[in-house]
Amino acid sequence: MRTELCVFLLLVTWVSGFANLAHDTAKALQGTANMSEPPQKPAWSAGNAVDGNTDQELLTTCVIMDYSRNYKSVWWKVRLQNRFNVAYLEVYFRGSTITRASGYYFYSYDSTEVFDPNSPNPNNMVYHNDPMSGCPASIQNITVNRLAQEIVYINKRPTGYISNCTGADWEQTTVEICEVKVMGCEAIRYSNGCGKVCENKCKLHQCDVFNGSCIYGCTDAKALTIDCVVCQDGQYISNKLCKSCQGHCKDGAPCSKLTGRCDDGCSNYWTGTFCEKCPLGYYGDDCNTVCGKCAGNDVCDNHTGDCHGECLGNWQKPKCNECSDGYYGNNCDITCGFCLQGSVCNKLNGTCENGCINHFKEPRCAVCRDGFYNSRCTSQCGKCVNDEPCDKATGECRNGCQQHFEPPLCQVCEDGFYNRRCSSLCGKCLNNEPCDKVTGECRNGCQLYFNPPLCQECSDGYYGNNCLTACGNCLHEKGCDQLNGTCYHGCKIHFSDPKCIVCEDGFYNSRCNSKCGKCVNYEPCDKVTGECRNGCQLDLEPPLCQDDINPDLQGNTMINKDGRSFSWSYVVIGILAILLAVSIAFNVFLKRQMPSVQHDEQSTERKSKSRGQKPSQNYDNLTVLKESHQYASMNSETNNSQYEELPERNA
């Protein structure tokens, strides 16, 4: 491997277009060499290493220091005629003693720099052979690429020095070099053959000897690289060109123009060398948007944010970052209310922006407004006490109903009441049935003598709390007051106000159309029979006192002191009346002995009256004993009473 490397270095030397700045007879270049210790022989002086002869065993062409002196540190150097742009060194060591060179150094110094053997500047070192890397090759090609005027070789054996080069001496060292070629160009030139001049952009026209880059600085102080490319903010240098920053630097800062990196860190969640990568779980132009709720703990596409598969729960594809229509909340687990016109609710707070359907309560339309209930809020609450709202699910009034409404819904009246506010009492419905709770009508009719459909007023011709009393003989049959029986427009002729049930004084019978006779002292007659209870005026025939007394009886007539007529017939009548009274008393006694018979007869009589039959009133024949009196037998006329019995109804 070492032999192949040597051959390769030789080939490079042969084809190289750089000049040997230490010895070039054609260009009249010759360096001046010296060393720290004298040569072993004068012929082996320091100048032999820059004579152009690369023979590694011909002693007269090599520089050889006296090895027997046990030197701990030695140096050799060559100073060039001018300051040159040095490319590399070709070093030819004495081949037979190469192990002694183990651990050597090469330094280069510019024209203004001074070499200090006791403390060489480490910044000027161009090469160091590591003594632990094996024995060095006898021919070395060492890159310098510096502006220099002096090349220095140093070898030393400090305390503790060790080497793995077989045959190396750890105690002493020496200089045994046959040739050192310093290859390069003039100070302002570069390239193989030195055909190119360093560009103006390079500071002082000094550049890299191989490629012309401005390794010593740029004319423009803003240039940051050896290529002297000046980029704007937001750009960085890549392959000698300005490119836009790839990443997203913190607080919008530009990337480093030299490296393209964000020196102060990345913005938001960006990551990567240039803050150009959006990490898993984030997406967007600013990489600040968290992925949606992808199913199976999947992550979204960090460019589009789309979930590759399905969404969790009620989240909506493709990004799964908002609720599906009809849901809202942090977890999209709350169902929207009943929004108007089929619109969907706000997916964050659930509000229906266009309002609610039916009677739902804004803004979320999830519960009924006060006064309505059921799952669609279509039913109106009943009449709850104190106008409280009903239960919005069941419609029940929790604290009871307003007066006369039926719990629990309080929407219909209790039995016995009706109308919209249940404030009206039902009438007298048949069989005490409840009336219609809206109209108040009795569906199956009224109790007796009540007027349909409400059954609250008596039928025409009846009055009283239960409408069981018939009105009197009211004028024009307009009816009576249904509470007290008073006739609204007065009575028929000869009937007495206010109820028109009895006759006016001076009239009698059921229709009050018969005029009383001339009763004594102008007293009114009996309003049923027409009889004068206390007798007649003079010369009138009792009991009606309407007809004159029979002339045949007038001789028996006497005149009282008060001037009224008096007849013996009256005496007879009086006697007969006494006998009649005794007979009646006896009959009463017998009737008391037979109460059941009497009860049946009375019952039969009432039934007859209820059928409208007029009771008859008959006078029994009064038979007078045939004495010397002129009384004829008096047969009372059978008078049918003109009074119509007013029927009474059981309540």
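For region 104-123, taking the residues that are in contact (Cβ under 8 Å) with a residue 12 or more places away in the chain and either touching a Ser or Thr at 6+ places or on another chain (Cβ under 6 Å) or hydrophobic (A, V, I, L, M, F, W, C) (or both), the one that is surrounded by the most Cβ atoms within 10 Å (Cβ to Cβ) is identified as Phe106. Do we have any residue at all in region 143-155 that's in contact (Cβ under 8 Å) with a residue 60 or more places away in the chain, assigned to a strand (DSSP E or B), touching a Cys at 6+ places or on another chain (Cβ under 9 Å) and not hydroxyl-bearing (Ser, Thr, Tyr)? No, region 143-155 has no match at all. The listed residues are Cys516, Cys491, and the only one of them that is within 28 Å of Leu468 (Cα to Cα) and either aliphatic (A, V, I, L, M) or crowded, with 18+ Cβ neighbours inside 10 Å (or both) turns out to be Cys491.
Just so you know, in region 494-513 the residues that are closer than 20 Å to Leu544 by Cβ and among the acidic types (Asp, Glu) include one that is surrounded by the fewest Cβ atoms within 10 Å (Cβ to Cβ), and it is Asp505.
Going residue by residue through region 35-50, is there one that turns out to be over 20 Å from Leu147 (Cα atoms) and of a type in the set (Lys, Arg)? Yes, there is a match, as at least one residue in region 35-50 is over 20 Å from Leu147 (Cα atoms) and of a type in the set (Lys, Arg). Out of region 461-478, which residues are part of a loop (DSSP other than H, G, I, E, B) and either in contact with a helix residue (DSSP H, G or I) (Cβ under 9 Å, 6 or more places away or on another chain) or surrounded by 22 or more Cβ atoms within 10 Å (Cβ to Cβ) (or both)? Across region 461-478, the qualifying residues are Gly461, Cys467, Cys471, Gly472, Asn473. Annotation note: Cβ proximity below 9 Å between a residue of region 262-280 that is at negative phi and a residue that is aliphatic (A, V, I, L, M) and part of a loop (DSSP other than H, G, I, E, B) (sequence gap 6+ or interchain) occurs for Cys262/Ala253; Asp263/Ala253; Asp264/Ala253; Ser267/Ala253; Leu280/Val299. Among residues of region 302-317 being farther than 22 Å from Gly350 by Cβ and surrounded by fewer than 15 Cβ atoms within 10 Å (Cβ to Cβ), the one that is farthest from the chain's Cα centre (by Cα) is His303.
Any residue that is at pLDDT 50 or above and charged (D, E, K, R) - is there at least one of those in region 593-608? For region 593-608, residues at pLDDT 50 or above and charged (D, E, K, R): absent. One residue stands out in region 479-488 among those that are buried (at least 16 other Cβ atoms within 10 Å of the Cβ) and not in a strand (DSSP E or B): the one that is modelled with the highest pLDDT, namely Thr486. The criterion of being among the acidic types (Asp, Glu), part of a loop (DSSP other than H, G, I, E, B) and over 30 Å from Leu204 (Cα atoms) does not hold for Asp251. In region 442-453, the residues that are touching a residue at least 40 places away in the same chain (Cβ under 8 Å) form Cβ pairs under 7 Å with partners that are in a strand (DSSP E or B), at six or more places apart or across chains, as follows: Tyr449/Cys458; Tyr449/Tyr462. Residues that are of a type in the set (Gly, Ala, Ser) and not in a helix (DSSP H, G or I) were ranked within region 37-96; the one that is surrounded by the most Cβ atoms within 10 Å (Cβ to Cβ) is Ala87.
Does Gln380 satisfy the criteria of being modelled with pLDDT under 95 and surrounded by 15 or more Cβ atoms within 10 Å (Cβ to Cβ)? In short, no. Screening Glu406 with (1) surrounded by fewer than 16 Cβ atoms within 10 Å (Cβ to Cβ); (2) of a type in the set (D, E, K, R); (3) more than 30 Å from Asn321 (Cβ to Cβ) gives one miss only, at (1). Scanning for something modelled with pLDDT of 90 or more and at positive phi, does region 24-45 turn up at least one residue? No: zero hits. Residues that are small (Gly, Ala, Ser) and not in a loop (DSSP other than H, G, I, E, B) were ranked within region 295-348; the one that is nearest to Gly284 (Cα to Cα) is Ala295. Among residues of region 25-51 that are of a type in the set (Ser, Thr, Tyr), those with a Cβ under 7 angstrom from a residue that is part of a loop (DSSP other than H, G, I, E, B), sequence gap 6+ or separate chain, pair up as Ser36/Pro117. In this structure, Cys368 does not satisfy being hydrophobic (A, V, I, L, M, F, W, C), surrounded by 15 or more Cβ atoms within 10 Å (Cβ to Cβ) and modelled with pLDDT under 90. For region 263-277, the condition of being assigned to a strand (DSSP E or B) and β-branched (Val, Ile, Thr) holds for at least one residue. For region 409-430, name all the residues that are outside any loop (DSSP other than H, G, I, E, B) and of a type in the set (A, V, I, L, M). If the condition is that a residue be outside any loop (DSSP other than H, G, I, E, B) and of a type in the set (A, V, I, L, M), then Leu425, Leu430 are the ones that fit. You will find that of Cys397, Cys458, the residue that is over 30 Å from Phe495 (Cα atoms) and surrounded by 16 or more Cβ atoms within 10 Å (Cβ to Cβ) is Cys397 and no other.
Filtering region 349-408 to residues that are outside any loop (DSSP other than H, G, I, E, B) and out of contact with any strand residue (DSSP E or B) (no Cβ under 9 Å at 6 or more places or on another chain) leaves Asn386, Asp387. For beta carbons closer than 7 Å, sequence separation of 6+ or different chains, a first residue in region 367-386 that is touching a residue at least 12 places away in the same chain (Cβ under 8 Å) and of a type in the set (Asp, Glu) and a second that is in a loop (DSSP other than H, G, I, E, B) and surrounded by fewer than 18 Cβ atoms within 10 Å (Cβ to Cβ), the qualifying pairs are Asp370/Pro389. Return the only residue of Glu113, Glu176 being under 20 Å from His23 (Cβ atoms) and charged (D, E, K, R). None of the others qualify; the one that does is Glu176.
Would you confirm whether any residue within region 273-281 is of a type outside the set (Val, Ile, Thr), more than 19 Å from Val299 (Cβ to Cβ) and surrounded by fewer than 16 Cβ atoms within 10 Å (Cβ to Cβ)? There is no residue in region 273-281 that is of a type outside the set (Val, Ile, Thr), more than 19 Å from Val299 (Cβ to Cβ) and surrounded by fewer than 16 Cβ atoms within 10 Å (Cβ to Cβ).
The values are calculated or read from the model by the stated rules, or taken from the named source; none is laboratory data. In this text, all values refer to a predicted model and were calculated from it rather than measured experimentally. For neighbour counting, all protein chains shown are included, and Cβ atoms are generated from backbone atoms with ideal geometry for every residue, glycine included.
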